[in-house]
Amino acid sequence: MRKINVSEIIDKVKEMCIKANYELGEDVLKKLQSAKDKEQSPIGKDILDKLIWNANISKDKQMPMCQDTGMAVFFVEIGQDIYIEGGNLTEAINEGVRRGYKEGFLRKSVVNDPIIRENTMDNTPAIIHYDLVEGDRLKISFAPKGFGSENMSGLKMLKPSDGIEGIKKFVLDVVKNAGANPCPPIVVGVGIGGTMEKACILAKKALFRKIGEFNPIKHIEKLEKELLDEINKTGIGPQGLGGDVTALSVNIEVFPTHIAGLPVAVNINCHAARHMEVEL
Amino acid sequence: MKEIKITTPLNDNIIKKLNAGDRVYITGTIYTARDAAHKRMVDSLKNSESLPFDINNSIIYYVGPCPPKPGHVIGSAGPTTSYRMDDYTPILLKAGLKGMIGKGNRSKEVIDSIIKYNCVYFAAIGGAGALISNCIKSSEIIAYEDLGTEAIRKLYVEDLPVIVAIDSKGNNLYDINIRNK
């Protein structure tokens, strides 16, 4: 049994919170560059140029690329042969968030009660999804999730007879309805199957995938590419001001489901598609 | 696409010249307010109380900035999505607000009020918070400090780059450009 002390987890989470917000991943940056080359609309091209410029400034100056430094979302894979010592894992992750958001001068965007709405002033609690896996490694994936895009997400419990056309129609409806609000060009995370909550978690997990990687299942990869084409034909464009590039990527995750159901969840991410992972 | 430099406060002459699609650089004092501050301001107006700043001819920027690093004026400070302010906006436009900076489309009620009171809605580039913070030369919290990032700040900006999204005639860039596609 391998031991990991919570102090190591706190430090790592703190670093991730800061780095993910200061430095846009190479995968996203590369995609923004190719989007700029493809974009025909002058306003759209100018916006994409400024977004690349913005990412360079934030990295150089070590400051957040976007003021919405998000609610802290984690997917944590815990090897079943690990022993966490020195404290509670969830509390350690929250402490890392607390320190990262304070020391990194990140925005505190979390309110304690959804009705009373007092800011917790330290961006906790984080949203944490745990998976128990084989082995003795701890893999922590992190995404600061902005709510301009989160608010534009959707879930629909389709009928099996709705099939692939029903799925496409729903994803396109969500994207069209979102328009300019989620800061296009967006990344579209889609979860298909499972139960209601499973589909939503799959959609979120899809946003953690590197841009440029596709689902390993061939017919799902095909659906990802077809949907991306159709989304880019809507004309919504960068910042919703018209253009050829509305989405950078469509990432789909699937899971077995019930004979009576076809749950589909769509979770949208903005162009500042921040995500990173570490393994301890 | 015209490029126009303007200084605050706004007035009817400036607004008349602005058309949807124009690129505008704003210099002068503007005020920040987002969801929670809007709710408080509108509650104040309903109770016939005064607002924390003179709203006549002013511009509100929908932003909740990051805290400044030591030696900096402000942290990252890009626009937040505007539609969440739509329920409050007609009341503020009636009270004298002339301009708004945000991102995304507005409701019919807001657009009707923009026309009725001769106002303008600007779009800033969402997610370009680091770039925009360079244009902010001073920042001071003037109200609702307990709201944290949602407090009202008085900002002095120089050449803040925005695009006229909805002009005083009601022309709406979000509709025009997507329709023309």
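Taking each residue of the range A:206-229 that is touching a residue at least 40 places away in the same chain (Cβ under 8 Å) and closer than 17 Å to A:F255 by Cα and looking for partners that are aliphatic (A, V, I, L, M) and surrounded by fewer than 20 Cβ atoms within 10 Å (Cβ to Cβ) with beta-carbon atoms closer than 8 Å, six or more apart or interchain, yields A:L223/A:I164. Just give me the residues in the range B:133-160 being at the interface with another protein chain (Cβ under 8 Å from one of its Cβ atoms) and either in contact with a strand residue (DSSP E or B) (Cβ under 7 Å, 6 or more places away or on another chain) or within 24 Å of B:P90 (Cβ to Cβ) (or both), in sequence order. Within the range B:133-160, B:L147, B:G148, B:E150 meet the criteria. Do the conditions hold for B:L92, that is, is it touching a Ser or Thr at 6+ places or on another chain (Cβ under 8 Å), modelled with pLDDT of 95 or more and aliphatic (A, V, I, L, M)? Taking the combined requirement at face value, the residue does not satisfy it.
Considering the range A:1-14, and only residues there that are buried (at least 18 other Cβ atoms within 10 Å of the Cβ) and not in a strand (DSSP E or B), the residue that is nearest to the chain's Cα centre (by Cα) turns out to be A:V13.
Assessment of the range A:106-121 against the conditions (loosely packed, with under 15 Cβ neighbours inside 10 Å and either part of a helix (DSSP H, G or I) or more than 14 Å from chain B (Cβ to nearest Cβ) (or both)) yields no matching residue.
Tell me, yes or no, whether the range A:196-207 has at least one residue that is out of contact with any Lys or Arg (no Cβ under 7 Å at 6 or more places or on another chain) and either surrounded by fewer than 16 Cβ atoms within 10 Å (Cβ to Cβ) or within 14 Å of another protein chain (Cβ to nearest Cβ) (or both).
Within the range A:196-207 (the criterion being out of contact with any Lys or Arg (no Cβ under 7 Å at 6 or more places or on another chain) and either surrounded by fewer than 16 Cβ atoms within 10 Å (Cβ to Cβ) or within 14 Å of another protein chain (Cβ to nearest Cβ) (or both)), the answer is yes, since at least one residue qualifies.
Among the residues of the range B:69-94, those that are within 27 Å of A:A55 (Cβ to Cβ), out of contact with any helix residue (DSSP H, G or I) (no Cβ under 6 Å at 6 or more places or on another chain) and more than 7 Å from chain A (Cβ to nearest Cβ) comprise B:P70, B:G71, B:H72, B:V73, B:P79, B:S82. All of (1) among the polar types (S, T, N, Q); (2) exposed (fewer than 15 other Cβ atoms within 10 Å of the Cβ); (3) part of a strand (DSSP E or B) hold for B:S50 with one exception: (3). For the range A:29-43, the candidate set comprises residues that are away from every other protein chain (no Cβ under 11 Å) and not polar (S, T, N, Q); within that set, the residue that is nearest to B:Y174 (Cα to Cα) is A:E39. All conditions but one from (1) more than 14 Å from chain B (Cβ to nearest Cβ); (2) over 24 Å from A:R209 (Cβ atoms); (3) in contact with a Pro (Cβ under 9 Å, 6 or more places away or on another chain) apply to A:A72; the one that does not is (2).
Of the residues that make up the range B:100-122, is at least one over 24 Å from A:I52 (Cβ atoms) and at the interface with another protein chain (Cβ under 9 Å from one of its Cβ atoms)? Yes, some residue in the range B:100-122 is over 24 Å from A:I52 (Cβ atoms) and at the interface with another protein chain (Cβ under 9 Å from one of its Cβ atoms).
Take A:I78 and decide whether it is touching a residue at least 12 places away in the same chain (Cβ under 8 Å), surrounded by fewer than 24 Cβ atoms within 10 Å (Cβ to Cβ) and aliphatic (A, V, I, L, M).
Yes.
A single entry from A:N177, A:N181 fulfils the requirement of being in contact with a helix residue (DSSP H, G or I) (Cβ under 7 Å, 6 or more places away or on another chain), closer than 27 Å to A:Q239 by Cβ, touching a residue at least 24 places away in the same chain (Cβ under 8 Å) and within 14 Å of another protein chain (Cβ to nearest Cβ): A:N181.
The values are calculated or read from the model by the stated rules, or taken from the named source; none is laboratory data. Keep in mind that what you see is a predicted model, and the values were worked out from it rather than measured. Here the Cβ is made from the backbone with ideal geometry for all residues, glycine too, and neighbour counts use every protein chain on show.
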